[in-house]
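The values are calculated or read from the model by the stated rules, or taken from the named source; none is laboratory data. As the structure is a prediction and not an experimental result, all values here were calculated from the model. Note that we place each Cβ from the backbone using ideal geometry, even for glycine, and neighbour counts take in every protein chain shown.
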Amino acid sequence: MNYWKEFAKGIWKRNPQLIVGLGFCPTLAISTSISNAFWMTVGVTFVLMGSNILVSLIRRIAPSHLRIPIYITIIAAFVTIVDLSLKAYQPAVYKSLGIFIPLIVVNCIILGRAEEFAQRNPILPSLLDGAGMGIGFGLTLFVLSFFREILGSNKLFGFTLIPGMEPAAVMILAPGAFFTLAFMLWGMNAVNSRKRNR
Amino acid sequence: MIREIVKPTLTLAAIAFISSLLLSYVQKYTEPAIERQKREKLAEALRLVLPGFTVGEAHKVPIEGSEFTFWIGDRRSGQAVEKGYAFITGSPGYGGDVESMVGVDEKGKILGLSILDQSESPGLGARCVEVANRETLWDCLLKKIPFRDHCEEKRIPWFQIQFKWLDATRKIRVEKRGVWNPDMRPRLLEDNAISALTGATITTDAVVRSVERGTARLNKALAMRLPDREGGAR
Amino acid sequence: MEIKVFLAILLSTILINNYVLSRILGICPFLGVSKKLDSALGMGLAVIFVMTLTSFITHPIYKYVLVGYRITYLTIIVFILVIAAVVQLVEMVIRKISPVLHQSLGIFLPLITTNCAVLGVVLLNISSGFAKPNVSMGLLKSVVQGFGGGAGFTLALLIMAGIRERLEIADVPENLKGVPITFITAGLLALAFYGFSGMKI
């Protein structure tokens, strides 16, 4: 069992949003600023690792046809921990992420990894898988947020970039989210097809 | 057959129970911090809208079916003691109520406004809490200001500072002046007006409406208090 | 006078704050089921039903149980389990009534549980303040908002399906095929819907 491979596959080769095609909802909605991207990644990675560990722990004793509600309960518990913690210690972030914190529960990535990997693999690989996927998720989020924050609010890390310039607010709103992700996927396809044609 | 149903259901129930137990511990652990955040937020807003005043406890009275919260404060200026009032008010904006705390003096002049809660569109209505940050990223990096120090520390959002010194007893007008500039203030003050948020008239109107409604309710609440015990610090 | 309030809720959830095109919720099924018009319609109707029913159930649960016993920290767990149960119920009903529809919706029916829009609407009912103690007709407002959310989702889904059926036979550049062109279409739709935000109710 190659531990590094289990961890690294989530980052690029099987990047949740770009390759597997999961987790678009939070990606589109949260990538409005680097700060949001950072905290969302922290939350998702925490829940991913936690749920993967627990699902792996109970994989032999969990009854098969009730496994989805059980996994959902476990994930919901971890998400509630994230929710309460952010509310208590980072109220500004809590306000900024809004309902997307509880919506981590229905992030397809987490349930997907539990179903596909954690329920048939031991604890350590599951933990690494969760960590890798979370970081891969975060990476895509960071790249998107970088563009959207600069173009949409003329800021980076919360600091204004070009004084006096009115930013293109549409980048922060829904249309900007769709366009940015579309261009990113387009770019990736272009790079991949060029590699294939070599 | 029964065993097929009972065992999985029991497992699910057990997991739900354990999760709830775990979460109740997390809740107990984080509750003091959450409460403290709420209290600090209110205290901070009170300091902002009634600067220099000693404020008493909150009074809550039901007015027109909903609860109205207000504070009474005193400030010494020379020999006299002037009174100030702060209240919480809200009005539906674009994505729910926009809640603000407003401070007024005895004559109805606004001493300060602080938006407590809003869920307006990011980049548009949400700019009502945006601080006019003149310092740029490059300034911060070049001046080697530690990131912790945050160049945006305790500055008041430009939209909210417009309400200072406006007369709450008269109609507050909304004018569309485009990008905010502090030089616009004198003219706006003369007209008892504010400059609207670009592309967010709904949010702007909500805040103005909430100030007017709140002032009316404050007058009702104060009228209800006389002639009983004088308000103020306990 | 009361009708105006509900009309306002409907208008704002269907057009002004459309769940897919404005709030960016429910993207996974939006991408997955919008390839054909009839499966889009079937999915849309199922989602409307689930959203309305869960809004109806979760409102009293929140107001009387969660708030009443001060266990609001269990909101996420309780809501998602209610949604899972309702979706299971809907799946059984559809299988009985129309096996054909059940077949064509396939895996996407149980996936309604993980549809961000469904959990989103019940959470939004709470944050809109419908469950607060002094609010009149909170239950009806929640149900109307749930229905509106589903209707808006269906509207976006139908428009998208119509466009995608045309895109199948259009000349799309190789690297844009599939998800990228769909997202660009969605972006254009979102821009169009953004025009509704100027509406005064």
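Some values worked out for this structure:
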{"item": "Among the residues listed as B:Glu175, B:Glu230, B:Glu212, the single one being modelled with pLDDT under 80 and acidic (Asp, Glu)", "result": "B:Glu230"}
{"item": "Looking only at the range C:80-91, and only at residues there that are more than 8 Å from chain A (Cβ to nearest Cβ) and in contact with a Pro (Cβ under 9 Å, 6 or more places away or on another chain), the one that is farthest from C:Gln103 (Cα to Cα)", "result": "C:Ala85"}
{"item": "Selection count, the range B:40-79, where residues are within 14 Å of chain A (Cβ to nearest Cβ) and over 22 Å from B:Leu218 (Cα atoms)", "result": "1"}
{"item": "Single residue of the range B:40-60 satisfying the filter (in a helix (DSSP H, G or I) and small (Gly, Ala, Ser)) that is surrounded by the fewest Cβ atoms within 10 Å (Cβ to Cβ)", "result": "B:Ala43"}
{"item": "Test: C:Tyr73 is over 20 Å from the mean Cα position of the chain (by Cα), on the phi < 0 side of the Ramachandran plot, of a type in the set (Ser, Thr, Tyr) and at pLDDT 85 or above", "result": "yes"}
{"item": "Qualifying residue in the range A:142-149 (condition: within 15 Å of B:Glu130 (Cα to Cα) and in a loop (DSSP other than H, G, I, E, B))", "result": "no"}
{"item": "Count of the range A:47-67 residues which are surrounded by fewer than 24 Cβ atoms within 10 Å (Cβ to Cβ) and away from chain B (no Cβ under 13 Å)", "result": "3"}
{"item": "Selected residue (criterion: farthest from the other protein chains (Cβ to nearest Cβ)) from residues of the range B:164-187 that are under 16 Å from B:Cys128 (Cβ atoms) and of a type in the set (A, V, I, L, M, F, W, C)", "result": "B:Leu166"}
{"item": "Check on B:Pro8, outside the structural domain of B:Ile161 (by TED's automatic domain parsing), at pLDDT 80 or above and farther than 30 Å from C:Tyr194 by Cβ", "result": "no"}
{"item": "Complete set of residues in the range C:131-160 that are part of a helix (DSSP H, G or I) and without any contact (Cβ under 8 Å) to a residue 40 or more places away in the chain", "result": "C:Ile159"}
{"item": "Residues of the range C:93-130 classified as assigned to a loop (DSSP other than H, G, I, E, B), at pLDDT 80 or above and either crowded, with 18+ Cβ neighbours inside 10 Å or within 14 Å of chain A (Cβ to nearest Cβ) (or both), total", "result": "3"}
{"item": "Qualifying residue in the range B:140-148 (condition: under 29 Å from B:Ala200 (Cβ atoms), modelled with pLDDT under 85, out of contact with any Asp or Glu (no Cβ under 6 Å at 6 or more places or on another chain) and not hydroxyl-bearing (Ser, Thr, Tyr))", "result": "yes"}
{"item": "The range A:150-166 residues that are more than 8 Å from chain B (Cβ to nearest Cβ) and touching a residue at least 12 places away in the same chain (Cβ under 8 Å), paired with ones that are of a type in the set (Val, Ile, Thr) and surrounded by 20 or more Cβ atoms within 10 Å (Cβ to Cβ) (beta carbon under 7 Å, 6 or more apart)", "result": "A:Asn154/A:Thr160"}
{"item": "Subset of the range A:1-45 that is assigned to a loop (DSSP other than H, G, I, E, B) and polar (S, T, N, Q) - its residue that is nearest to A:Val143 (Cα to Cα)", "result": "A:Ser31"}
{"item": "Unmet criterion (only one of (1) under 23 Å from A:Phe78 (Cβ atoms); (2) in contact (Cβ under 8 Å) with a residue 12 or more places away in the chain) for C:Leu31", "result": "(1)"}
{"item": "Lone qualifier among C:Leu191, C:Leu140, C:Leu158 - being more than 14 Å from chain A (Cβ to nearest Cβ), closer than 23 Å to A:Ala29 by Cα and either surrounded by fewer than 18 Cβ atoms within 10 Å (Cβ to Cβ) or acidic (Asp, Glu) (or both)", "result": "C:Leu158"}
{"item": "Test for A:Arg120: is it over 18 Å from the mean Cα position of the chain (by Cα), within 14 Å of chain C (Cβ to nearest Cβ) and surrounded by fewer than 20 Cβ atoms within 10 Å (Cβ to Cβ)", "result": "no"}
{"item": "Residue in the range C:161-174 that is within 18 Å of the chain's Cα centre (by Cα), of a type in the set (Asp, Glu), in a helix (DSSP H, G or I) and more than 9 Å from chain A (Cβ to nearest Cβ) present", "result": "no"}
{"item": "Residues (touching a Lys or Arg at 6+ places or on another chain (Cβ under 7 Å), under 20 Å from A:Ile30 (Cβ atoms) and either touching a residue at least 12 places away in the same chain (Cβ under 8 Å) or not in a helix (DSSP H, G or I) (or both)) located in the range A:89-131", "result": "A:Gly130"}
{"item": "Which listed residue is surrounded by fewer than 17 Cβ atoms within 10 Å (Cβ to Cβ) and farther than 26 Å from A:Lys87 by Cβ, from B:Gly84, B:Gly65", "result": "B:Gly65"}
{"item": "Selection count where residues are in a strand (DSSP E or B) and in contact with a strand residue (DSSP E or B) (Cβ under 7 Å, 6 or more places away or on another chain), scope the range B:63-115", "result": "36"}
{"item": "Selection within the range C:179-188 - more than 8 Å from every other protein chain (Cβ to nearest Cβ) and under 18 Å from A:Arg194 (Cα atoms)", "result": "none"}
